[in-house]
Structures are given as structure tokens and as C-alpha cells.
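In what follows, a structure is listed as C-alpha cells, so that the remarks can point back to it.
The values are calculated or read from the model by the stated rules, or taken from the named source; none is laboratory data. Since this is a predicted model, take the numbers as computed values, not measurements. Cβ coordinates were reconstructed from backbone atoms using ideal geometry, including for glycine residues, and neighbour counts include every protein chain displayed.
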């Protein structure tokens, strides 16, 4: 027996290399797109926690719906009415449910479910309109940027799951 290790030589064609490269880029785009949902959920909870403790700063990536609910709860609580603690408690539960929903959407999108991307895109688009309605221009602009990233993830998972010949597609996402 020889102590030499034999290495099987495998030569890939340029088309195969391009196909693998395109698949890697699409996978990255999919992971990035689905990752937005986790960031949205996490930063929304940070925004909500800041509001619960009396802070006025927020992250741009947060949800307008949770910010609105937190503002309403804070306003009612400051009025000194007896309903203040209940409204605040409702706002906390609302914030946790909405953030959990985005985590769930992100998890399903990560697993490659295109419907999760669609649901997330629709909900976050509605939230962008909330930002626009309250003239939160930077928040609205950030929503558009996040929606673009999520959209790219949606397109990438579509191309990955369709099993398309990636060598004939021309450009691939960066």
C-alpha cells in the first residue's frame, strides 16, 4: 500500500463556474432580503422599549404602527386617566405581537417561502404609508430602502427555486 493520497482531478467549465457564482450571489441576496424582517422586528422593539422608558429617539427601521401605538399609549398615560396603565399594557402586547409576526415572516422567508416575502412586503408597504402620513420622511425613505432589499431577496429566491439556468441570465444581483 502506498502512503500517497490520490486526488481526483475535476475540471469545471467556465459556464459551471459562472452558474455556481450566480447561485452564491442569489443565495446572499435571499439571505439579505429575509434578514430585513429580523432587523425590522428587533429595532421596532428597541424603539418601543425606548418609548416605554420615556425616550424620544427612534431607529429609522422601526415600524410606524408600533411607534403610533406607543405614542397613543404615552399620551393617554400622561393625561393621568385611570386607563393609562391598561393602554400602555395593550401597547406593549401589540408591539410584541407585531414584532413576533415579523420574526415569523423572516423565518419563513429564510426557509425559502416566497409567500412570506409577499406578506412582509405588503405589511411593510402599509407601514411605509403610515410613516408618510405622519411626515416621517427619513423613516419613509428607510422603509423604501428596506423594501428594495426585501424585494431583491424575493426575486433571488424566485430565481433559485425555479431552477433556472443561471448561466444564460446575464447579470446577477450584487
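Specify which of the listed residues (112, 82) is assigned to a loop (DSSP other than H, G, I, E, B), closer than 30 Å to residue 161 by Cα and either at pLDDT below 95 or in contact with a helix residue (DSSP H, G or I) (Cβ under 9 Å, 6 or more places away or on another chain) (or both).
112
How many residues, within segment 17-27, are free of Cβ contacts under 8 Å to residues at least 60 places away in the same chain and either farther than 22 Å from residue 106 by Cβ or surrounded by 16 or more Cβ atoms within 10 Å (Cβ to Cβ) (or both)?
2
Can you tell me which residue among 89, 62, 84 is farther than 21 Å from residue 127 by Cβ and surrounded by 15 or more Cβ atoms within 10 Å (Cβ to Cβ)?
Residue meeting the stated conditions: 84.
Taking residue 38 as meeting all but one of (1) in a helix (DSSP H, G or I); (2) more than 16 Å from the chain's Cα centre (by Cα); (3) surrounded by fewer than 21 Cβ atoms within 10 Å (Cβ to Cβ), write down the number of the exception.
Among (1) in a helix (DSSP H, G or I); (2) more than 16 Å from the chain's Cα centre (by Cα); (3) surrounded by fewer than 21 Cβ atoms within 10 Å (Cβ to Cβ), residue 38 violates only (2).
Would you point out which residue out of 54, 139, 62 is farther than 14 Å from residue 36 by Cβ and outside any helix (DSSP H, G or I)?
It is 54.
Of the residues 105, 97, 76, which single one is closer than 30 Å to residue 161 by Cα and either part of a helix (DSSP H, G or I) or at pLDDT 90 or above (or both)?
One residue alone meets the criteria, 105.
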